[in-house]
Amino acid sequence: MLKKKSILKTKVTKRINAYVKGRNAEYLAKKELEDNNFFVVRMAGSHSPFDLIAFDVNVVRLIQVKSCNKRAYTSEVKNATKKIENVKNLFPLNCKFEIWMKNAKKFDKVVL
């Protein structure tokens, strides 16, 4: 019985750590945008294609933030792109759709 409990605990811990890692990446992205004079809303727990909505007087930026290792990078970009493409036509033309991939200390930014 001890073995099952330790396996469950490991799975839960990994899930929480992934959530914390992703949330921290979202907060870093939010701060970067706010430093550039954008008003930013974080879509916590929404399960929408976008984690952040940032806007100023000229543009609305809908951003999916990902924090992953190099192995998962390509598949994460493909999955996020697919989700965004499915809803892109529902938004006004002045919206920019972006995927921000967190690497070590910076973001790689993909604009769709």
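Here are the numbers for this structure:
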read-out: All positions within region 1-42 that are among the aliphatic types (A, V, I, L, M), in contact with an Asp or Glu (Cβ under 6 Å, 6 or more places away or on another chain) and at pLDDT below 95; value: none
read-out: In region 51-87, the residues that are of a type outside the set (S, T, N, Q) and touching a helix residue (DSSP H, G or I) at 6+ places or on another chain (Cβ under 8 Å); value: ASP51, LEU52, ALA54, ARG61, LEU62, ILE63, VAL65, LYS66, CYS68
read-out: Options ALA72, ALA80, ALA44, ALA104; residue that is surrounded by 12 or more Cβ atoms within 10 Å (Cβ to Cβ), of a type in the set (A, V, I, L, M, F, W, C) and free of Cβ contacts under 8 Å to residues at least 24 places away in the same chain; value: ALA72
read-out: Extreme residue, surrounded by the most Cβ atoms within 10 Å (Cβ to Cβ), among residues of region 50-62 that are of a type outside the set (D, E, K, R) and part of a strand (DSSP E or B); value: ALA54
read-out: Residue list for region 82-108, restricted to those being of a type in the set (D, E, K, R), modelled with pLDDT under 85 and assigned to a strand (DSSP E or B); value: LYS106, ASP108
read-out: Condition check for VAL65: aliphatic (A, V, I, L, M), under 10 Å from the mean Cα position of the chain (by Cα) and outside any loop (DSSP other than H, G, I, E, B); value: yes
read-out: VAL59 vs. criteria among the hydrophobic types (A, V, I, L, M, F, W, C), at negative phi and at pLDDT below 90; value: no
read-out: Residue within region 72-81 that is closer than 19 Å to LYS21 by Cα and at pLDDT 90 or above present; value: no
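The values are calculated or read from the model by the stated rules, or taken from the named source; none is laboratory data. None of these values were measured; they are calculated from a predicted model. FYI the Cβ positions are ideal-geometry reconstructions off the backbone, even for glycines, and counts take in every protein chain you see.
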